[in-house]
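Okay, so here's the structure we're looking at.
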Amino acid sequence: MASVTLKAINKRFGNIVALSRVDLHVEDGEFCVLLGPSGCGKSTLLNIIAGLIPQDEGTVLLDGQPVDRLAPRERDVAMVFQSYALYPHMTVSQNLSFGLRMRAVPKPDIHKRVLETARLLGIEDLMDRKPRELSGGQRQRVAMGRALVRQPKLFLLDEPLSNLDARLRSSVRLELKRLHRQIKGTIVYVTHDQVEAMTLGDSVVVMRDGKVRQIDRPETIYARPSDTFVATFIGSPEMNLYQGRLMRKDGRPHFQGSGFSLDLVGLQLNLKEGEVELGIRPEDIEIGQGRAMALQAKVEMLSNVGSEKYVHARLGQEGLTVRVPKDAAFQPGQVIPLTVDPHRVHIFHEGLRL
Ligand code: ATP
């Protein structure tokens, strides 16, 4: 397999800037996920790596070698699309072997590779069926198989699970993770689903408006988002984020929000007083009065997702969501004390993490 490097990729479609100075390095064997809202440029970037769309500026390197002049076929990458793009008139077996037949691979090798791939994906029993006789999950596996059988340098996957229902999606996600461990291939995977990105990626590239906002391991993206966009895009329910002023009170750092204030004692901050945004994840708020200075919030309603509940409350003039255990009981109108560990808050200045 190959490493992928992108250097200062720019792409416009008329007046639309689809990609702006995108730099990226994906190690050999790495599972890299491109994550971002619709229209942020994920698919365009994937198509540029594949050679299906030319970039305006910048370079694509596979294993350190520029491939900008190579046609898609010559780049030796395999792509799996959201639509699967299987040949409807061919059986599963023919769909799997098609790419190898086109490349004039000797017949016995084709047979061996198709069989191995089918075994790996657990689709041996479906070999004589046509795509219309398959379920969504089975079609998805055949599409993956068609990419795998070629033993390419690189796999490019564009939202391959988005046509599956939620349950199937989570089981195919696990399969995909297992498969990646087995084949040790380099994968660049596009999704707008943060759960997919967090569970699958060795690294996650968060994009917005054609720009890379952060590249990191999933746990770092979650724990140390580099800006308020990443902070609120990753995490469900999303991070509580407040505009306010950072000041010193009796020498201690202190956040003054709209109608509430929070003591940030113990937090080492090398910044002056001034306007900031303060973020608190719903699971980083404890109900009850702890050692740290408490807040008070008024419960508005509860939402129950089965495994846990979320309290939606008012904190001063702001909204607040708190994650609580599934058996927690609160009434609308109830005033509850909350504790926030100052080391768990995220502070941003002009949108960027401090
Ligand atoms: P989605 O998740 O909806 O597929 P995406 O992040 O993959 O979105 P792209 O498809 O890469 O986004 O599109 C990036 C931007 O470029 C969008 O504003 C889109 O409208 C625009 N765009 C993409 N392809 C073309 C094209 N062929 N002609 C004109 N504009 C395009």
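A few remarks follow.
- Each residue of the range 199-207 is assigned a 3J(HN,Hα), and the resulting list reads 7, 8, x, 6, 9, 10, 10, 8, 10 Hz, derived from the Karplus form 6.51 cos²θ - 1.76 cosθ + 1.60 (θ = phi - 60°), x at Gly and Pro.
- Relative frequency of Cα-Cα separations exceeding 27 Å in the range 191-325, percent: 29 percent
- Solvent-accessible surface (1.4 Å probe) assigned to Glu350 amounts to roughly 150 Å².
- For the set Phe31, Phe229, the ranking by accessible area, highest first and with no ligand, DNA or RNA atoms included, is Phe229, Phe31 under a 1.4 Å probe.
- Asp128 accessible area, 1.4 Å probe, all protein chains in place, Å² to nearest 10: 130 Å²
- Expressed in units of 2.2 N^0.38 Å, where N is the residue count, the Cα radius of gyration of the range 65-173 is 1.08.
- Hz values of 3J(HN,Hα) by residue in the range 4-18 - Karplus curve (6.51, -1.76, 1.60), Gly and Pro given as x: 10, 10, 10, 10, 6, 7, 10, 8, 10, 10, x, 7, 7, 8, 7
- Gap separating the Cα centres of the range 101-164 and the range 1-40, nearest whole Å: 26 Å
- Across the protein chains, with a 1.4 Å probe defining accessible surface, the residues Asp250, Asp23 rank Asp250, Asp23 from largest area downward.
- Sequence-distant contacts, meaning Cα pairs under 8 Å at least 6 residues apart, place the relative contact order of the range 204-354 at 23 percent.
- The accessible-area ordering, largest first, of the residues Ser38, Ser203, Ser226 stands as Ser38, Ser226, Ser203, per a 1.4 angstrom probe.
- Probe 1.4 Å, protein heavy atoms only - accessible area per residue of the range 214-271 in square angstrom: 48 Å²
- The range 192-220 and the range 225-296 have their alpha-carbon centroids 24 Å apart.
- On the chain, 48 percent of the accessible area sits on carbon and sulfur atoms, based on a 1.4 Å probe.
- Span-like helix ranges in the chain, DSSP H, alpha carbon extent 15 angstrom or more, Kyte mean at least 0.0: 92-102
- Compactness of the chain - radius of gyration and Dmax, Cα, Å: 24.5, 80
- Convex hull projection area averaged over all views, the range 139-204, Cα basis, nm²: 4.2 nm²
- Taking every protein chain into account, the 1.4 Å probe leaves His25 with about 90 Å² of accessible area, to the nearest ten.
- Straight-distance crosslink candidates among lysines, where the alpha carbon sits under 23 Å from Lys130 and sequence neighbours closer than 8 are dropped: Lys107, Lys112
The values are calculated or read from the model by the stated rules, or taken from the named source; none is laboratory data. Note that the coordinates shown come from a computational prediction; the quantities given were computed from them, not determined experimentally. For accessibility, only protein heavy atoms count, side chains too; no ligands or nucleic acids. Shrake-Rupley method; radii C 1.70, N 1.55, O 1.52, S 1.80 Å.
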